[in-house]
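Input: a single structure, listed below in C-alpha cells.
The values are calculated or read from the model by the stated rules, or taken from the named source; none is laboratory data. Bear in mind that the values here come from a model prediction, so they are computed numbers and not experimental data. Here the Cβ is made from the backbone with ideal geometry for all residues, glycine too, and neighbour counts use every protein chain on show.
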C-alpha cells in the first residue's frame, strides 16, 4: 500500500479531519501539517531545520499563514517559542532536526515545561524505513522528547499528520499548558495523502473541589497565621492580583508569590506581591510561623537545591497545606469562589483598597555611581517604557533588582522557571515576536548569555524592539555564592578558575556587533540610564554591556 | 544509617576498592571520585559546573592531578571531550550540571558515541533525598544519559563513588570505546565515606571469528569484484593503512574508507584511501558492481538521509557482505590475520610498495583567485605544519577540499562522525588540549560555528594553538543542496529565508575578538594562504574568516 492509499484509509477512521480544497491524494503530509497548524491558530514557526525537514520548509511557501523565523541554534528556537507562548498565550511551532537538534533545544523546553507554556514542537526524523539502518544521525529521539513533553506522538502515515497536528495544538493549550511534540518522519512529510484537520478544543482547567475550597476557607477564617502562595495565572492577571490581595487582607493572611513565575504583572499602580526568595533560609523566614499554607496556582514550596543539613521542603513544621489549585485546576475560578464565600469580610467589594502598603511603589530616582544590582534596578525603573515585557535572567544580580522594578511603568515579568540557563536572550526574542510591538527588556547575566548568544542575530533579522542589558560581572557569581552555601570550603585556585569569566574578558559589544546588533558599554549608572533611554527610543534591538563594579567571585 | 556508615558497608562488599591514605570516613565522595579518576589515568576535566557540582569543583584543589578546563556551554565541554579522546586515545572527564546541562551536551556526545571516543561524563544531580521534591531543575536525567552512553550508573552512597568511577573509565576504554556516564547526587558528592578505587582493566576487543576470516579470505581470493571498506582503528594507524593497502592490491580489491572516520591518518607519504562519498549516488558508484564487501572496522554502508525513491542501504544488489570486524572486534588483528593468510600473494612482505598510485600525492600549488573549496584546500595544503590535527566540520565545502589536503604534511583528520553540528570548534579545543603542542587546524562551516562559538574563549584562556578557518558562505549551503535532492520543489522566499545566513551578515572577526581570539578576514586565496601561514607561525589561537566567493543559496 503506497502512502496515498494509506492517507485515504486514515481519512475514513479519523473523525476529526476535515479536507483541504483540492485532491487530498496530492497534499503531502507536510502541507497538511502546515495548513492544520494555521487552522488551529498557530501563526509563527521558530525553526532550525535540516534535511529531514525540507518538505516542511518548502510547504511554508505553498500554504500561507505560518511565519518562519530562523534561529541559529535550537536553544534559540525553543527559548523563543517559550517566550512567544508566555506573551501570546498560545503556542508557536518550533521546528527541529532529529534527535541532536531536539537535544540542543531540551534545556529551554525544560524551562517551558516548568512555565507550562504552550509550545508545539515538530521534530523531523529519518524516513520510517530508514530508521532501521542506524544512519549517523539516528538516536533515541523519543526518549529525549519524553523528558520535556506532556504529549508526544509520531506520525506514521501522511494521512495522520493533520489530525496529530490538531491534537498537538490542543494538547499544548490544554490546562495547565505544556510542550506537545510531534515527530515527523521524512517520508511521512513528503508522502501524498495528507489531510488537513479541523482545530480540536483544548481541555479546560478543572474546577477546584468543594473539599479543597472548604479546607482553604477554614484556613482563611481561622485566627492562625496563614500564608497564601500564589502563582500561575493568578499573578499573570492584574485583576486576579487585586482580588487575591483583597482576599489576603480581609483574611489577615500573608500573601507571597512563587519564586519563579512564568509571567507576572508588575510595576507602578499594580499590586505588590513579594516573591518567595530563592535562598531557602530567606524563603523560610517568609513562611515562618505559618500554620496554614493555601496554594493558589503555585506548587508546594521547595528549596532550589539541597544544602547540607538544611530542609528541602520549605513548609514549616506543623503547617497544614491546602493545594487548592494545582496545575490543571482553575486557580482564578478557585480565587473567585473564595472571594465570594468571604464577601462578608469585604473581599470582592468595590469599597476602596484596604492594603495601600501593597501598592504605590514610587518610581526610583535616577541612579548615580557604580553599576550594581540596586542602581541597575533603578536605571531600569526610571526608563522602562509603558507596557513592556521584562525578561529576567539576571541570576545572582536579581537579588537587588526588585525595588527599582517595582516602581517601573506597568510591565509583564517573565522569569527563569526551570533554572536551565541560556533562557533570557531567546525568550526575549520570542516575547518580541508575540508582543505586537511591545518593547522588550532583557536583563541577562553574562555567563548565561553565552549559551544562546545567536538569539541576537534573530532579533536583528526580525527588527525586534529588544533592549538587552548584559549584567557583566565577569564571573559565574551565583556559583561563588553557592560554593560557600554548600559548605565545600574555601575555593582554591582551580575551583576559582571554573567560576571566573575573565582571562580573557568577554567583549559583549564586539559579540553583539558580530551578530548584527548595535551595542554600547556602560560603566556608570548614569551611562546605563542614558543608554537605556536611548535604546528604548530607537527601533530594533540594542545591547548594553553593563559593567558591574567590584565583581563578585574574583 | 549515615553516609559514613554506608561508605563502610560498601567497602566490605566491593572487591575492587582500594583505600586512600587517611581515614576513609572523612574522604568525601567527590574527593574519592577525583582521586579515582586520576588513578585511572584521567588527567583533564572539561567542565561547566553548577551548584550540585561544587564539592567536585572544590575537590580539584585538594586532590592533585586533574586539570580543570572551563567551557562556557556544555556543547563546548562535550565536544572538547570528544576531541581530547580521539587524539589522546584515553578519556577526559566532562563535568555537567543536572539534566539540562547534560541535554546541552548531548549533541556532541552523540558525535562521540558515533566515533566510539572514550569519554567519562560526570553529571551532578540533586541530593538523593531532594529528588522527590521535583525542584525546578529536576528532570529525567537518566533518560537523557541513556541516549548517548554505553554505560550509565548512579551512585547512591559516597562509598560507591570510587568503584563506579573506576568502572566508568574502564567502560569508556573498553572496546570499541564509548561514553560512560556517572550520575553523582550532591549528597553522595559531599558525604563522607568515599573510598578511592584502583583502576579497572578495560575489556579488550574480541578476536574475529574463524568463520568470518574464512569468508573474507574466500571473497579476497575470488576473481569477483571485491571492495574492502575500512574504518575505525585501521584508518587511524598509518602502518595498518599500509598493510591494508598492500592486502587490497594483492587481492585486486577496491579499497574505500568509511565516510566519516573518527580519526584518519592522512597527508603526503601516507596511503591515499578514498572516503566513501556523503552523497548516496556517488557512494553507489564507488561500490558499483561489487560482488563482495569486506567490512574491516567499518559498518555496513548506508545513506546519510533517505531520499524519495532511492535506496538507503548502499550495498549493491547481489553483493555478499562480510562484517569481519564490527565494533568491539579487533580490526587490526583481523587485518593481520588476513595478510598472513594471503602472504603468498605478496601481502605483508617488505618488498616495496606495489601501489604507487595510492601514494605520492603532491603538495598543492599556492592558490590564487577567489576562495572556494578547491583553493581553500590548496591553501591549507601548502601551509599545514607537520604533525597537525585537522578537524573538519566544513559540511558542504568538504566536497572540494580533499585534493589539497591529500598533499599536505602528514596529519590526523577528525571528522563529524554523528552529523550533529557544532562539533568543530569544541573538538579542535579538546584536540589541542590532548595534543601536547601539536598544531590544530579547524575547518569550520559558518552555520555550524554558531552552535558552539564560545569554544574560542576556552582556546584563548588555555593558549591553545588552534587555527580556525570559518568557511563563510553566508548560508546553510548544504540545505540548499538537500532541498533540491529531496525533491521538495523550487524554494519560495520563505523557504529561502531559512537557508540564508545573511540579513544581517555575521561578522566572525568581531565575534572572535569578543571571545578573546585574534582574527582576520581573507577574501582571496592569496590572503587566506598568507594568513594561514602567519597563524600557524604564531602561538595561541587565531581565527580566519574565509569569505567564499559566489555563495551558494543566495
Checklist entry - Residue check, residue A:429 against (1) part of a helix (DSSP H, G or I); (2) more than 14 Å from every other protein chain (Cβ to nearest Cβ); (3) closer than 15 Å to residue A:544 by Cβ, all met but one. Which one? => result (3)
Next on the checklist: Can you tell me which of (1) surrounded by fewer than 19 Cβ atoms within 10 Å (Cβ to Cβ); (2) touching a helix residue (DSSP H, G or I) at 6+ places or on another chain (Cβ under 7 Å) is the one residue A:505 doesn't meet?
Outcome noted: (2)
Checklist outcome for this item: Across (1) within 10 Å of another protein chain (Cβ to nearest Cβ); (2) buried (at least 23 other Cβ atoms within 10 Å of the Cβ); (3) touching a helix residue (DSSP H, G or I) at 6+ places or on another chain (Cβ under 6 Å); (4) more than 23 Å from residue B:528 (Cα to Cα), residue B:478 clears everything bar (4)
Checklist entry - Would the stretch A:78-87 turn up any residue that is in contact (Cβ under 8 Å) with a residue 12 or more places away in the chain, within 11 Å of chain B (Cβ to nearest Cβ) and touching a helix residue (DSSP H, G or I) at 6+ places or on another chain (Cβ under 9 Å)? => result yes
Checklist entry - Any idea which residue in the stretch A:500-537 is nearest to residue B:186 (Cα to Cα), counting only those that are part of a loop (DSSP other than H, G, I, E, B) and at the interface with chain B (Cβ under 8 Å from one of its Cβ atoms)? => result A:501
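So if I check each of B:136, B:100, B:64, B:91, which one is under 19 Å from residue B:194 (Cα atoms) and either at the interface with chain A (Cβ under 10 Å from one of its Cβ atoms) or in a loop (DSSP other than H, G, I, E, B) (or both)?
B:64
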Checklist entry - Residue check, residue A:185 against (1) within 30 Å of residue A:55 (Cβ to Cβ); (2) in contact with a helix residue (DSSP H, G or I) (Cβ under 7 Å, 6 or more places away or on another chain), all met but one. Which one? => result (2)
Item to check | Answer residue from the stretch B:403-423, given it is in a helix (DSSP H, G or I) and in contact (Cβ under 8 Å) with a residue 60 or more places away in the chain and is nearest to the other protein chains (Cβ to nearest Cβ) among those | outcome: B:405
Checklist entry - Which one is nearest to the other protein chains (Cβ to nearest Cβ), of the residues in the stretch A:254-313 that are within 27 Å of residue A:487 (Cα to Cα) and part of a strand (DSSP E or B)? => result A:302
Next on the checklist: So in the stretch A:465-475, with the set limited to residues that are surrounded by fewer than 24 Cβ atoms within 10 Å (Cβ to Cβ) and in a loop (DSSP other than H, G, I, E, B), which one is nearest to the other protein chains (Cβ to nearest Cβ)?
Outcome noted: A:474
Checklist outcome for this item: Exactly one of B:495, B:460 is within 13 Å of another protein chain (Cβ to nearest Cβ), crowded, with 24+ Cβ neighbours inside 10 Å and more than 15 Å from the chain's Cα centre (by Cα), and that one is B:495
Checklist entry - If you scan the stretch A:285-303, which residues turn out to be surrounded by 19 or more Cβ atoms within 10 Å (Cβ to Cβ) and either more than 25 Å from the chain's Cα centre (by Cα) or at pLDDT below 95 (or both)? => result A:287, A:290, A:292, A:293
Checklist outcome for this item: residue B:182 meets each of (1) surrounded by fewer than 20 Cβ atoms within 10 Å (Cβ to Cβ); (2) outside any loop (DSSP other than H, G, I, E, B); (3) more than 9 Å from chain A (Cβ to nearest Cβ) with one exception, condition (1)
